[in-house]
Amino acid sequence: MAKLGYDDTPMLPDSQWQVHDYRRPQPPVITPAAEPGLPPADAIVLFDGSGLSGWTGREGEAKWKVENGYMEVVPGTGDIVSVERMGDCQLHVEFASPREVKGESQGRGNSGVFMMGLYEIQVLDGYENPTYADGITASVYGEFPPLVNACRKPGEWQTYDIVWTAPRFNGVELVSPAYLTLLHNGVVVHNHAELIGPTGHRNVHPYTAHAPFGPLKLQDHGDLVRFRNIWYRPLAQ
C-alpha cells in the first residue's frame, strides 16, 4: 500500500510531526449517536433516566425524584453531585423548568449546573422573565451573561452542550484559568470565555487551588426543575 502522506514536508511548529506526515497516528474511530443529543459510543453516562446510583446527596443518598426518564429536584433535599470526577470535558445536559409559571426573576425555575462543583452555569426559566444579566439562563453566574437569550418556553426541554477546560495550578499558584464554551439549545452563548474564578452570589471569588478533577453538581434552589440525558466525554488533559 502506498504511503498515506509524506515525509518530505516542513515540520509543524511546536510539533514532532511534519505537514501531512504519514507516520502521524490516526484519530480513534467511535460510533456517533443515532440522534443529536444522545451519547456517542465513547461517552460516560451520568444519568440515563433509570436511577441515581451515580449521584450522592448532602447526607449520602441522592433523594431527588426519578420517573419517566428524568430526575426532578425535591426541594429541601439539597444539591446532588456526581460520583464521577471530571476535568477537561465535553458535557451534555438537558433540563426543563416547570410548565406552570410561578414567581419571577431568580424565583422562577432556578437551579444550576456546577462544573467541578465550583463553577455555576445558571439554570433558570429565562423565557420572558427579566432578571439581572449575569443571572439569566446560561450565564456564568455572577460573571458573564450569555451572548444571547436562547430560552425555550416553560416546560420545554432545553440543552446545554459544554466544552470545559479546567483551571491549572502549580501548588497554590494559578497557571491557567478555566475556559468555557457553551451552546444553549444549539446556539453559542459563550465562546471560550475565561472565568474569573469560582462563582457565587453577590461576590467575586478568586481562584483557590483545587484538584484537577471534580464532580458535576446540580443545584436544589427550591424549584421543580427536571434533568435528563446527562453524559460527558473526557478530553485530553
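The values are calculated or read from the model by the stated rules, or taken from the named source; none is laboratory data. Remember, predicted model here, so these are calculated numbers, not experimental data. Cβ coordinates were reconstructed from backbone atoms using ideal geometry, including for glycine residues, and neighbour counts include every protein chain displayed.
The residues of region 179-237 include none that are hydrophobic (A, V, I, L, M, F, W, C), out of contact with any Pro (no Cβ under 8 Å at 6 or more places or on another chain), surrounded by fewer than 19 Cβ atoms within 10 Å (Cβ to Cβ) and within 19 Å of Gly109 (Cα to Cα). Scanning region 32-89 for residues that are part of a loop (DSSP other than H, G, I, E, B) and of a type in the set (Phe, Trp, Tyr) yields one hit, Trp64. Among the residues of region 21-39, is any among the hydroxyl-bearing types (Ser, Thr, Tyr) and closer than 30 Å to His221 by Cα? Looking through region 21-39, none of the residues is among the hydroxyl-bearing types (Ser, Thr, Tyr) and closer than 30 Å to His221 by Cα.
Look at region 141-163: where a residue is free of Cβ contacts under 8 Å to residues at least 24 places away in the same chain and a partner is assigned to a loop (DSSP other than H, G, I, E, B), sitting 6+ places away or on another chain with Cβ atoms under 8 Å, you get Pro145/Ile136; Pro145/Ser139; Asn149/Gly126; Asn149/Ile136; Asn149/Thr137; Asn149/Ala138. Has region 187-207 got at least one residue that is free of Cβ contacts under 8 Å to residues at least 40 places away in the same chain, on the phi < 0 side of the Ramachandran plot and in contact with a strand residue (DSSP E or B) (Cβ under 9 Å, 6 or more places away or on another chain)? Yes: one or more hits. Taking the listed residues Pro10, Pro28, the one that is free of Cβ contacts under 8 Å to residues at least 40 places away in the same chain and within 32 Å of the chain's Cα centre (by Cα) is Pro28, with no other qualifying.
Residues that are surrounded by 10 or more Cβ atoms within 10 Å (Cβ to Cβ) and among the acidic types (Asp, Glu) were ranked within region 8-65; the one that is modelled with the lowest pLDDT is Asp21. Could you count how many residues in region 141-190 are part of a loop (DSSP other than H, G, I, E, B) and within 18 Å of the chain's Cα centre (by Cα)? Selection size over region 141-190: 17.
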